[in-house]
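Note sheet for the following structure.
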């Protein structure tokens, strides 16, 4: 059977892409011939922009050549905006695709339900689209119910498929081997919160709950990287680091992990803690199940249903604290004393606040100045001046109108076209100039930031407490904050 | 002879073939041919491209045999390139870029989905996969498809691209890394968290049986003393700076030295220097070797080298080298071999040229030292022995866990 997989794909670091790659491998092992169409450049056979309403037509065009089409659905790949005309158009496109592609299976990883009045056109179209989808795969029953409840839609055929059906382990190591490679002592009881660092993952809840775990041999590792460089995520990472400074048993390790490293961390852990604030289903939870590690999950989305028999579902932060303490073999109590004093805490507060202010103003990371970037985006968004005639869509007199337009264009072309070309060129050169200016201003801002950092460091010795959780190979030890560099 | 681990070894490189120019590509071809002729099962996985500027599909896709080596070629797909240029400019300028932008930059150039899918489906055929050089999509993709079978041969340079997060993750997750030189290994240790297995293997050199400087002079009508640069003329190779330095040196008078350039690529020679700078363009390997033997000295102005075959070629021809000391690899080889002088600015370049031109006995001694250095460390037999040892030991260790 010829199958088209519509999904991002490796080597992109993308959860849905990795899921798709494992499904492709399974389909090929079963004898299918599979090709990949991706919305982002990667190792896919075809790459197309799937947003802006026209995207689904492009999928449709490819789909004709295959016996089966599997579309891994994540809203950000199909919709440029959450609402408005653009959203309406992309919803219409999906409606067309879902309705006309008979051999389509949509694997639903995430859905953004429209909010507000249910009579809105986008609500209506999205409901129509999902109701007409020939087959939709969900990972939990809870997601099906949510669609019915929030959208009033039920696809023609619903399949509940375990999230981990196609998953394969990436490492063949036992706990001791994995720990040796990560530099973790065999004696420690290791809690692990792993994945992209974003506020909705709720890793802060794990750090807070961990404070009630009395054991000195307990460790909490928060491991992952920032997926999208937005101030919200950077501030969240800062916050996690700040929280970790108060407890020498907590480690925040910021690293872009390979598949092997990801699995190694899970194998090395005793318990995976997923204190999500919102999510539908979790790939991390599936990998934990696959690798034989128990998990504590919060009762959001379909996590309770997705969890295995050894997993524990908690509703509140207090329950999370009790669950973690009990897992480490005790009752909630007081954690060992913190490692920073009041003066250090004040200093950290000032420094982190300054970083956040810089981040928001675009000075941090040498980010583009927002007003220039916005002007540049608008300029780039302008289409080049057209020198061809767009056919008139009017049913009866359309062809005649088009003919007249063509005649006028030719008659005036000698006069108008040079001016048009000049406008187009001017537009291009202005955009280029603005681009250089943007880069230079960003560089200047980055220089300024560095200079401020240096000035700050020379004037404050407690600044050396920055980033105490830097990950080093070898046994993981945490020095006193005052000594760290 | 065969590998102690079951299966073949696969080299993965962006281009391959006798027509393909470039140091890294040449080494892969010579290594694959020598391993194959020694009886080791070897395959090369590459694209259909010949030209590394256009990445146009030139060779037909599918399996072929090149000098006895099995080569599988896969078609190239092209990104639109807008992101690649915009993000690439930011990276070159040293501005921070997010991980997702780095991924976009990498994937928006040339890529080969079929090559990736082949590795995804058939990596079991190979006990070891050796992608090279580090910066290309093929290397990143191969390391992603089967990281624990991957032994990187990075050909690493000290450049802004080497500092990207995407490569940090790649270096950390592979089975092992083999380096061309000690300075390259030192750089990698500074930049990355490397796997436990890494080794300096070096590059092997073909040793010409004879040199005929007279034939070169006759063929190209070049008489009188000259210094030479032989290689690609690209950004980073600093050939324009060499022309400028040499032009100023020659304009100062008191010398009849000329500068001969050979190799592919554009170079700008200001009109004032055109009488003293001769650009021959691409010449055959034999002509290049004869030219090196005829030269007073070889200039190596490049900023970034992971090995520098030009230095070795020059020393094999017993010709001393005047190399840019800002390149750690060039400085290292010159220091270790005693085969030349390293300069850091135009003044040192001019003095170095004068020393080599005015002291033929010293220049000859340096040339001899250089040749002894290459023969002692960089013959193919030595390199193949080191490479095979790494591959075998690491593959067995991986199988045994």
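Readers should treat all values here as calculations from the given coordinates under stated rules, not as data from a laboratory. Being a predicted model, the structure only gives us computed values, none of them experimental. Every residue, glycine among them, receives a Cβ derived from its backbone with ideal geometry; neighbour counts consider all protein chains shown.
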- Note on the structure: Two pseudo-spin positions, 7 Å from Cα along C-beta at residue A:420 and at residue B:189, lie apart in nanometres by 6.4 nm
- Beta bridges per DSSP with both ends in chain B, % antiparallel, nearest 5: 15 percent
- Task: Pull out a ≥ b ≥ c, the square roots of the eigenvalues of the alpha-carbon gyration tensor of region A:165-290, then state rounded if a/c is under 1.5, prolate if not and a/b is larger than b/c, and oblate in the remaining case.
- Result: oblate
- Query: How high is the relative contact order of chain B, in percent, with contacts defined as C-alpha pairs under 8 Å that are six or more residues apart?
  - Reply: 13 percent
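So if R0 is 25 Å, what FRET efficiency would residue A:103 and residue B:82 give, r being the distance between their Cβ atoms, rounded to the nearest 0.05? Walk me through the intermediate numbers first.
Working: r = 34 Å, r/R0 = 1.35.
Computed FRET efficiency for residue A:103 and residue B:82 comes out at 0.15.
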- Note on the structure: Per residue of A:35-43, other chain Cβ atoms within 10 Å number on average 6
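From other protein chains only, count the Cβ atoms within 10 Å of every residue's Cβ in B:163-170, then give the mean.
Numbers: counts 0, 0, 4, 3, 0, 2, 7, 3.
Shielding by partners across B:163-170 averages 2.
To check you understand DSSP bridge types, tell me what percent of the beta bridges within the protein assembly as shown (both residues inside) are antiparallel, rounded to 5. Let's see the in-between values first.
Numbers: 8 of 90 bridges.
Expressed as a percentage, antiparallel bridges in the protein assembly as shown total about 10.
At a Förster radius of 60 Å, what calculated FRET efficiency corresponds to the Cβ-Cβ distance of residue A:124 and residue B:335, to the nearest 0.05?
According to the calculation, E is roughly 0.20.
Using the count of nearby Cβ atoms within 10 Å as a rough guide to exposure, how do A:254, A:261 rank from fewest to most? Could the numbers behind the result be given before it?
Working: A:254 17, A:261 22.
Listing A:254, A:261 from fewest to most nearby Cβ atoms yields A:254, A:261.
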- Could you work out Rg/(2.2 N^0.38 Å) for region B:280-341, with Rg from alpha carbons only? 1.07
- Query: With each pseudo-label sitting 7 Å past Cα toward Cβ, what's the residue A:115-residue A:232 distance in nm, one decimal?
  - Reply: 1.1 nm
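How much length would be gained if the chain were fully extended between residue A:46 and residue A:451, taking 0.36 nm per residue of separation minus their Cα-Cα distance, in nm to one decimal?
Numbers: separation 405, 0.36 × 405 = 145.80 nm, distance 4.58 nm.
Gain in length upon complete extension: 141.2 nm.
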- Query: Relative contact order for region B:175-234: what is it in percent, counting Cα pairs under 8 Å that are at least 6 residues apart?
  - Reply: 31 percent
- Those residues of region A:256-293 whose amide nitrogen sits under 20 Å from the label point placed on residue A:26, 7 Å along Cα→Cβ: A:259-260, A:263, A:280-293
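By per-residue mean of other Cβ atoms within 10 Å, what is the highest-first order of B:252-258, B:330-336? List each step's numbers first, then the result.
Working: B:252-258: 12.9, B:330-336: 20.7.
Those peptides, ordered most packed to least, come out B:330-336, B:252-258.
Once you have the Cα-Cα distance between residue A:149 and residue A:161, take 0.36 nm times their residue separation minus that, and quote the gain in nm to one decimal.
On the way: separation 12, 0.36 × 12 = 4.32 nm, distance 2.03 nm.
Taking 0.36 nm per residue and subtracting the Cα distance, the gain is 2.3 nm.
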- Query: For B:98-109, what's the mean count of beta carbons from other chains sitting within 10 Å of each residue's beta carbon?
  - Reply: 5
- Sticking with the crude label model, points 7 Å out along Cα→Cβ, report the distance from residue A:186 to residue A:141 in nm, one decimal please. 4.4 nm
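Determine the shape class of region B:47-180: with a ≥ b ≥ c the square roots of the Cα gyration tensor eigenvalues, call it rounded for a/c under 1.5, and otherwise prolate if a/b is greater than b/c, oblate otherwise. Walk me through the numbers before you get to the answer.
Working: a/c = 1.90, a/b = 1.30, b/c = 1.46.
Note, shape of region B:47-180 comes out oblate.
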- Note on the structure: Least to most buried among A:414, B:105, by other C-beta atoms within 10 Å and fewest first, runs A:414, B:105
- The relative contact order of region B:109-248, taking Cα pairs under 8 Å that sit 6 or more residues apart, comes to a percentage of 15 percent
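Looking at the square roots a ≥ b ≥ c of the eigenvalues of the Cα gyration tensor of the protein assembly as shown, which shape do they give, rounded for a/c under 1.5, prolate if a/b is larger than b/c, or oblate? Each step should come with its number before you reach the end.
On the way: a/c = 1.70, a/b = 1.35, b/c = 1.25.
Prolate shape, in that a/c is at least 1.5 and a/b is the bigger ratio.
Using Cβ counts within 10 Å as a stand-in for footprinting exposure, how do B:26, B:319, A:140 rank, fewest first?
On the way: B:26 16, B:319 29, A:140 21.
The order, fewest Cβ neighbours first, is B:26, A:140, B:319.
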- Query: To the nearest 500 deg cm²/dmol, what mean residue ellipticity at 222 nm is calculated for the protein assembly as shown from DSSP H runs of n ≥ 4 alone, each contributing -39,500 (n - 2.57), summed and divided by the residues?
  - Reply: -14000 deg cm²/dmol
